[in-house]
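Participant: Encoded as structure tokens, here's the structure I'll be asking about.
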Amino acid sequence: MELSAAHLRYLLAIYETAATQRDICSRTIAERLGVTRPSVARALDQLMDRGMIVKAHYGKVYLTDRGVFVARRVQQQVQRVLEHFPPVEPGVGLTGAERLAAALALTAALPERAFTGAYDRLFGPGGDADQAASG
């Protein structure tokens, strides 16, 4: 199963939140994305299976080095899509949130190796799945 647009949203939300907040919990992610905590739990389990996050026994979520690497690559790709966003029919006037959702969908259409391939070549698949990122 490839990373979906939803996975990318969760990964980016964790990454962006980690820039200002050391300890992140599922409630924080749910509030940031406007989703339910059970949705967050499912997504976190899937990101954990991919070695991108670790969940501490007391509920805190941390990105692994792999998660930080992938989040940065995803963020860069989304930014490229937004910079080169195709013209939309006049009068439609997409909001910023709609443009971002479309950019995430286009980015999610890329194979997962587009984000993880360089990391896997450097460190091997799942190279640090048990270690939280240090920064």
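Read the figures in this text as sums done on the coordinates, not as results from a lab. None of the values given here were measured: they were computed from a predicted structure. Because the Cβ atoms are built from the backbone with ideal geometry, glycine has one as well, and the counts that use them run over all protein chains shown.
Participant: Using Cα atoms only, what is the angle between the long axis of helix 113-123 and the major principal axis of the chain, expressed in degrees (0 to 90) to the nearest 10?
Facilitator: Helix 113-123 and the main axis of the chain meet at about 30 degrees.
Participant: For the chain, set up a GNM with springs between Cα atoms under 10 Å and report which of Ile24, Ile53, Ile14 has the largest fluctuation.
Facilitator: Ile24
Participant: Quick check of the Kirkwood formula: for the range 26-89, what is the inverse mean of 1/r over all pairs of different Cα atoms, in Å?
Facilitator: Taking every pair of different Cα atoms in the range 26-89, averaging 1/r and inverting gives 13.4 Å.
Participant: Rounded to the nearest 20 debye, what is the charge dipole size of the range 22-62 about its Cα centre when +1 sits on each Lys and Arg Cβ and -1 on each Asp and Glu Cβ?
Facilitator: Roughly 80 debye, rounded to the nearest 20.
Participant: Compute the relative contact order of the range 30-72 as a whole-number percentage, counting only Cα pairs closer than 8 Å that sit 6 or more residues apart in sequence.
Facilitator: 24 percent
Participant: Only Cα pairs within less than 10 Å get springs; with that Gaussian network setup on the chain, which residue of Leu12, Leu104, Leu33 has the largest fluctuation?
Facilitator: Residue with maximal mean-square fluctuation among Leu12, Leu104, Leu33: Leu33.
Participant: Restricting things to alpha carbons, find the Rg to Rh ratio for the chain using the Kirkwood radius for Rh.
Facilitator: 0.99
Participant: Relative contact order (percent) for the chain, with alpha-carbon contacts under 8 angstrom and 6 or more residues of separation?
Facilitator: Reported relative contact order: 33 percent.
Participant: So which residue, out of Thr64, Thr116, Thr95, gets the largest mean-square fluctuation from a GNM of the chain using Cα contacts under 10 Å as springs?
Facilitator: For the chain, modelled as a Gaussian network with Cα springs under 10 Å, the answer is Thr95.
Participant: Rounded to the nearest 20 debye, what is the charge dipole size of the chain about its Cα centre when +1 sits on each Lys and Arg Cβ and -1 on each Asp and Glu Cβ? Don't skip to the end; give the middle numbers.
Facilitator: Details: 16 positive and 14 negative charges, 41 e Å.
Here the chain has a charge dipole of around 200 debye.
Participant: Additional query: Out of Pro38, Leu94, His84, whose Cα points farthest toward the positive end of the dipole of the range 15-108 (charges: +1 Lys, Arg; -1 Asp, Glu; placed on Cβ)?
Facilitator: Result: Pro38.
Participant: For the range 1-77, calculate the relative contact order in percent as a whole number, restricting contacts to Cα pairs under 8 Å that are 6 or more residues apart.
Facilitator: With pairs under 8 Å counted, the relative contact order is 33 percent.
Participant: Place +1 on the Cβ of every Lys and Arg and -1 on the Cβ of every Asp and Glu in the chain, take the dipole about the Cα centre, and give the residue among Ala105, His57, Leu8 whose Cα lies farthest towards its positive end.
Facilitator: Checking the options against the dipole of the chain, the answer is His57.
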